[in-house]
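The values are calculated or read from the model by the stated rules, or taken from the named source; none is laboratory data. All values reported here derive from a predicted model rather than from experimental measurement. A quick note on method: Cβ atoms are made from the backbone with ideal geometry, for glycine too, and the neighbour counts reach across all protein chains shown.
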Amino acid sequence: MDKILLKYLPERAVAPCSGLIKQNNVHLKIVNERVTRHGDYRRMPSGAHQITVNTNLNKYRFLITLVHEIAHLVAFEKFGRRIKPHGREWKQTFQYMMVPFIRPEIFPLQLLPLLANHFRNPKASSSTDAKLSIALKAFDRGENDITYVFEVPSGSVFRIYNGKIFKKGNRRVKRYECVEVATGRMYLFQPNAEVEVIN
């Protein structure tokens, strides 16, 4: 197990993560990329706990995702199945479980203040924290030419991962209004949405 985890996690995080996996009787599956999620937890009909994490994540996002999913399991076991998946109980559990990992031996120094800020009130996905998400992206393999929607000039046209084409509009508090060219429908985009500008 540790040898496999070493491919996906920061070295100093391997032993504590391996301990969490064994302690909580987790069946970990590392799966091909899913665009809509980084990871997933489900209790199987047999009662076993299965966690999946995308194989393409960099080691810091992989660590956050793995602990995020184990926190679901722990929160459900401790507080019962009726709690909200990303409610108060899960947030407290996730915060508590991440504290031992937010150290310079595990995360690069430039990520530590962003992580500390994020874990004051963790969101359902680290991707909704634009500053943390962009900082984590810097550690992705071979993806340094990414364009984010916040970088695109207003009025520009861009394509997203599924081929749909949008025109960028105004900023609304944190997100950007963008109109789908084919339908005229308006959507809100997180600033860290990855896009391809169309010239």
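Among the residues making up region 145-199, those that are touching a Ser or Thr at 6+ places or on another chain (Cβ under 8 Å) and closer than 23 Å to residue 37 by Cα are 158, 190, 192, 194, 195, 196.
Would you be able to say whether some residue in region 26-35 is surrounded by 16 or more Cβ atoms within 10 Å (Cβ to Cβ) and within 19 Å of the chain's Cα centre (by Cα)? Working first, answer last.
Taking region 26-35 and keeping what is surrounded by 16 or more Cβ atoms within 10 Å (Cβ to Cβ), we get 26, 28, 30.
With the extra rule that they be within 19 Å of the chain's Cα centre (by Cα), the set shrinks to 28, 30.
Looking through region 26-35, at least one residue is surrounded by 16 or more Cβ atoms within 10 Å (Cβ to Cβ) and within 19 Å of the chain's Cα centre (by Cα).
One residue is enough: does region 16-34 have a residue meeting the conditions small (Gly, Ala, Ser), assigned by TED's automatic domain parsing to the domain that holds residue 102 and under 25 Å from residue 104 (Cβ atoms)? Yes - at least one qualifying residue is present in region 16-34.
Residue 89 - would you say it is over 27 Å from residue 188 (Cα atoms), over 13 Å from the mean Cα position of the chain (by Cα), crowded, with 17+ Cβ neighbours inside 10 Å and of a type in the set (D, E, K, R)?
yes
With respect to residue 123, is the statement that it is closer than 13 Å to residue 190 by Cβ and either surrounded by fewer than 17 Cβ atoms within 10 Å (Cβ to Cβ) or among the acidic types (Asp, Glu) (or both) true? Talk me through it step by step, then tell me what you get.
Values: closer than 13 Å to residue 190 by Cβ: yes; either surrounded by fewer than 17 Cβ atoms within 10 Å (Cβ to Cβ) or among the acidic types (Asp, Glu) (or both): yes.
The answer is yes for residue 123.
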